[in-house]
Amino acid sequence: MLRMASVLMLGSALGVASLQSSAWFLVPILLVVVAFGLAIPNVPGHALVAYQDKLGTAGALFGLMYYLMIGAGMLVTAWAQALVGTLIVCGVIATTSCLIRFSSGREQRRHDARGVV
């Protein structure tokens, strides 16, 4: 699900870049919102599994980090006055992170299947 959301984010950012001079740029912006909506519940959900005994505290800290990252992204966007550039950079970072995670997870499963741990 995260890979799909990150690719949707990157594709939507490129769509915003190509349509930024028309009102149709709102369609890929809506897809950016959908990508965030897909990713945000899944990331803390997987991470909170490791903190079953401290769900309230861990959830609060994850929520704080989420709002700090959103605020930092908005600050960078306002400072640079470049929504398209910020969206593309965030999409590239998200997609690259998912690809790295996917390839390292696949490599780990390959080692586990061979009995190499």
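Just so you know, all these numbers are worked out from the coordinates, no wet-lab data involved. Only a predicted model underlies this, so the values are computations on that prediction, with no experimental measurement involved. Glycine also receives a Cβ, built like all others from the backbone with ideal geometry; neighbour counts cover every protein chain displayed.
Among the candidates Val16, Val32, which residue alone is in contact with a Pro (Cβ under 6 Å, 6 or more places away or on another chain) and surrounded by 13 or more Cβ atoms within 10 Å (Cβ to Cβ)?
Result: Val16 is the single residue among Val16, Val32 that is in contact with a Pro (Cβ under 6 Å, 6 or more places away or on another chain) and surrounded by 13 or more Cβ atoms within 10 Å (Cβ to Cβ).
Within region 95-110, is there a residue that is touching a residue at least 24 places away in the same chain (Cβ under 8 Å), surrounded by fewer than 16 Cβ atoms within 10 Å (Cβ to Cβ) and small (Gly, Ala, Ser)?
Within region 95-110, one or more residues are touching a residue at least 24 places away in the same chain (Cβ under 8 Å), surrounded by fewer than 16 Cβ atoms within 10 Å (Cβ to Cβ) and small (Gly, Ala, Ser).
Taking region 57-89 as the region of interest, how many residues are under 18 Å from Val34 (Cα atoms) and either in contact with a Ser or Thr (Cβ under 8 Å, 6 or more places away or on another chain) or of a type in the set (D, E, K, R) (or both)?
Number satisfying all stated conditions: 4.
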